[in-house]
Amino acid sequence: MLRLVFLCVVAFAALTVVSGQRQVEEVLKWQQVEFDVPASVLSAPDGYIPINNIPMSGVHYKNRVFVTVPRRRWGIPSTLNVVELEPPYPVTNPVLKPYPSFELNELRADLQPDANRLVTEYRPRVDRCDRLWLVDTGMMEIPGNFTVVQRPSIWSIDLKTNQPLSRYEVPQKDVETGYGLTSITLDVDPDDCSKVFVYISDLQTYRMVVYDHENQKSWRFLHNYFFLNPLEGDFNIQGIPFAWDDGIFSIALSNPDPMTKFRTAYFHALSSNSEFTVSTAVLRNETASKRGYHGDDFKLLGYRGAQSQSSIHGFHPETGVIFFAFVQLNAVSCWDTRKPFAPQNMAIVYKNDRDIIYPNDLSIDQEGNVWFMSNSIIKLLYTQLSLEEFNFHIWRANIKEIIKGTVCDPTVPPNVDHGQRFGGEQNADRVTFVEYKDKYGPGGGPYGGWGSDDKRKPTGRRP
């Protein structure tokens with residue numbers, strides 16, 4: 001099949017690149033992931049296929065890091081796992097232990113629905129009340145054989161007792177299937193742990209799902225700002241050109257407004273260089289979700305700069321700084337939310353062209369650190385992943401130290417006193433068309449996503 005693909009040629013953004021290497025510590029790294037599961041599981045047909053296991057998160061809580069492995073191919077023993085931290089760092093090839101148990105992660109042999117089991121997790125999050133929250137997509141994302149095992153569900157797990165606390169099954173009125181539910185953001189009341197709103201990005205259908213935990217109900221929003229920017233859906237990473245159409249991918253929340261108690265939700269699509277905002281007063285309003293027109297409730301915040309497509313971003317409550325994982329620049333950037341939103345008021349605080357090959361997750365812990373992960377998925381999708389090299393990395397950095405002296409430091413004045421809503425002439429995207437013939441495979445791109453003649457190699461596309 002012939003496809004027309006936009007190849008985007010862009011000028012480098014006016015982001016400040018911090019000179020010198022800042023205090024970033026590599027904590028964990030893997031050539032391939034292995035699991036602490038029964039030997040019978042590892043030896044069973046399709047029980048464990050190393051190259052199919054691609055980690056998607058690295059979320060820190062006290063002395064533990066939670067690592068997920070979505071079931072996007074056969075041979076994945078456990079989707080939600082934990083690593084106990086023990087220096088010296090980096091720890092090399094630590095074994096993943098199913099969390100909170102192997103029984104919760106083990107699929108039924110007949111792949112029938114089971115409310116006591118997890119199927120596929122992407123990016124869980126920890127709240128201030130010592131709970132781990134996650135979305136189980138309920139899907140086996142096997143190329144050519146996508147299987148809906150069960151309805152998608154939202155879980156919370158007590159991190160003190162390691163026991164599940166709640167499970168909410170997302171109704172079909174909100175999502176047809178769990179495919180595309182790859183990030184979760186928590187809005188916990190500062191004084192009452194029972195009052196929680198959960199915001200879930202649906203990159204597949206360009207919607208946002210809102211879950212009201214206290215009242216056990218959910219709804220969804222649709223807005224044009226959740227879609228990709230067609231001029232910014234072309235990527236070039238490690239010299240590999242490809243096109244993605246991923247919509248809303250990440251949601252970050254500000255501190256509560258002292259008067260209204262609502263927060264600002266910052267959000268963006270993966271295939272976009274722009275950032276948008278909406279008040280949680282809107283998102284928490286189920287009636288508002290049913291409107292056909294939202295007026296100016298959803299706002300364009302501005303333009304991050306050329307090649308600034310970001311996977312996940314996170315807000316640090318103490319400093320008011322947001323961190324972005326830039327997938328094309330192999331970097332982590334920051335922006336002080338008190339300053340105008342413009343590329344000149346952002347700084348790249350860490351860049352690593354060798355090891356940061358698709359930074360797929362970023363989170364802020366309760367101890368003032370930013371954690372970020374790279375999983376080399378681009379190599380797996382479009383070229384070849386070697387299990388003899390280190391492919392998966394998790395880093396951490398103290399936030400106050402890493403932003404000190406940069407334009408993200410609250411004590412440093414802004415470089416420009418006005419925001420930038422769109423790309424200027426120096427940042428303008430120039431578009432050409434290239435025609436090619438796809439190889440067989442379920443994903444996009446010139447190599448048909450993960451499809452290949454090697455049946456042991458994963459397929460599927462969405463990271």
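The values are calculated or read from the model by the stated rules, or taken from the named source; none is laboratory data. Note that the structure is predicted; figures quoted are calculated from it, not measured. A quick note on method: Cβ atoms are made from the backbone with ideal geometry, for glycine too, and the neighbour counts reach across all protein chains shown. The area values use the complete protein model at the heavy-atom level, side chains included, leaving out ligands, DNA and RNA. Shrake-Rupley method; radii C 1.70, N 1.55, O 1.52, S 1.80 Å.
Key figures for this structure:
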read-out	value
Relative contact order computed over the chain (Cα-Cα under 8 Å; 6+ residues apart), in percent	18
Full-stretch length increase - GLN172, GLU318 - with 0.36 nm per residue and alpha-carbon distance subtracted	48.7 nm
Rounded to the nearest 20 debye, dipole of the chain from Cβ charges on Lys, Arg, Asp, Glu	480
Directionally averaged shadow of the stretch 276-387, computed from the convex hull of its alpha-carbon atoms, nm²	9.9
Residues in the stretch 181-210 reached by a label modelled at GLN366 [backbone nitrogen below 13 Å; 7 Å Cα→Cβ]	193
Spin-label model distance (nm) - HIS418 vs GLU26, 7 Å beyond Cα toward Cβ	4.4
Bridge type composition, the chain - antiparallel percent by DSSP, nearest 5	95
PHE227-GLU84 FRET efficiency (beta carbon distance; Förster radius 51 Å; 0.05 resolution)	0.80
Computed E for ASP130/ARG108 - FRET, C-beta separation, R0 25 angstrom, nearest 0.05	0.25
Where only C-alpha atoms are counted, convex hull volume of the chain per residue in Å³	146
Solvent-accessible area per residue, Å², over the stretch 24-403 with all protein chains present [probe radius 1.4 Å]	34
Probe 1.4 Å - accessible area at HIS294, Å² to nearest ten	10
Per DSSP, loop trypsin sites (Lys or Arg not before Pro) in the stretch 209-308 with at most 12 further Cβ within 10 Å	LYS261, LYS290
